[in-house]
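The values are calculated or read from the model by the stated rules, or taken from the named source; none is laboratory data. Here the structure is a predicted model, which is why all the values come from computation and not from measurement. Don't worry about glycine lacking a Cβ; one is built from the backbone with ideal geometry, like all the others, and counts go over all protein chains shown.
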Amino acid sequence: MSDTIAPTAAPANPAALGLVGFGMTTVLLSLVNAGLLPAGGEGVVIPMALAYGGLIQIFAGLMEFKLGNTFGMTAFLSYGAFWWWFALLLIFAHTGVIDISQAGPTVGVALLLWGGFTFYLWISTFKLARILFLVFTTLWVTFALLGLGAVLGQPQLTHIGGWLGLVCGTLAIYGSFGMVTNATWGRTVIPLG
């Protein structure tokens with residue numbers, strides 16, 4: 001019998017999974033918001049928002065909880081819930097379960113609240129990897145543009161928000177790519193700052 005203890009593998013970084021789930025769903029919706037895909041494309045966004053943007057981020061947030069990462073837990077669980085809220089809003093509105101025709105600026109105010117929440121998380125990114133700082137910088141501004149576009153009835157703000165959302169989602173995908181690649185190679189191959 002040997003007294004040697006087998007080395008324990010380091011836990012996987014759930015941020016890589018959460019970021020790609022967030023990033024791909026954000027890019028798809030932003031293509032619609034920017035006018036590069038038709039508005040009817042929101043029907044394609046709904047299942048992705050539930051499965052990848054929502055559920056996968058919730059899984060990532062729960063894994064971050066287990067690792068003791070308060071920032072990752074708060075961000076991934078919250079944005080996972082955001083995607084579920086967004087998908088359910090569209091499903092309920094399109095199926096007549098709820099009528100948002102009289103909601104006025106309520107959806108825009110909800111997006112502005114998400115922008116405020118994202119701004120408060122953004123402050124914490126000053127101490128984190130530069131890629132997270134960039135993702136959250138573009139995300140809170142995206143929410144502000146989308147929210148103001150909805151509140152003020154200014155579709156051009158929604159289009160600009162869509163373009164910035166494309167940048168945000170792409171940055172998140174890049175961050176995930178870097179985390180997975182660097183972990184696989186065991187060294188920094190893709191710089192994340």
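Couple of notes before you dig in:
- Residue within segment 121-131 that is part of a helix (DSSP H, G or I), farther than 23 Å from Gly178 by Cα and among the hydroxyl-bearing types (Ser, Thr, Tyr) present: no
- Any hit, segment 2-15, residues being within 20 Å of Leu146 (Cβ to Cβ) and modelled with pLDDT of 95 or more: no
- Any hit, segment 153-175, residues being among the aliphatic types (A, V, I, L, M), crowded, with 17+ Cβ neighbours inside 10 Å, touching a Phe, Trp or Tyr at 6+ places or on another chain (Cβ under 8 Å) and in a helix (DSSP H, G or I): yes
- Test result for Thr142, crowded, with 21+ Cβ neighbours inside 10 Å, in a helix (DSSP H, G or I), out of contact with any Asp or Glu (no Cβ under 7 Å at 6 or more places or on another chain) and not aromatic (Phe, Trp, Tyr): yes
- All of Phe82, Phe71 fail the test of being in a helix (DSSP H, G or I), hydrophobic (A, V, I, L, M, F, W, C) and in contact with a Ser or Thr (Cβ under 8 Å, 6 or more places away or on another chain), apart from Phe71.
- Among the candidates Leu192, Leu148, the residue that is touching a helix residue (DSSP H, G or I) at 6+ places or on another chain (Cβ under 9 Å) and either at pLDDT below 95 or surrounded by 23 or more Cβ atoms within 10 Å (Cβ to Cβ) (or both) is uniquely Leu192.
- Scan of segment 33-50 for residues that are surrounded by fewer than 20 Cβ atoms within 10 Å (Cβ to Cβ) and either touching an Asp or Glu at 6+ places or on another chain (Cβ under 7 Å) or closer than 14 Å to Ala81 by Cβ (or both), ordered by number: Leu50
Yes or no, residue by residue, for (1) aliphatic (A, V, I, L, M); (2) within 19 Å of the chain's Cα centre (by Cα); (3) not in a loop (DSSP other than H, G, I, E, B):
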site: Ala10; (1), (2), (3): yes, no, no
site: Tyr52; (1), (2), (3): no, yes, yes
site: Gln57; (1), (2), (3): no, yes, yes
site: Leu62; (1), (2), (3): yes, yes, yes
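- Conditions (1) more than 18 Å from the chain's Cα centre (by Cα); (2) among the basic types (Lys, Arg); (3) closer than 23 Å to Gln57 by Cβ: number failed by Arg187: (3)
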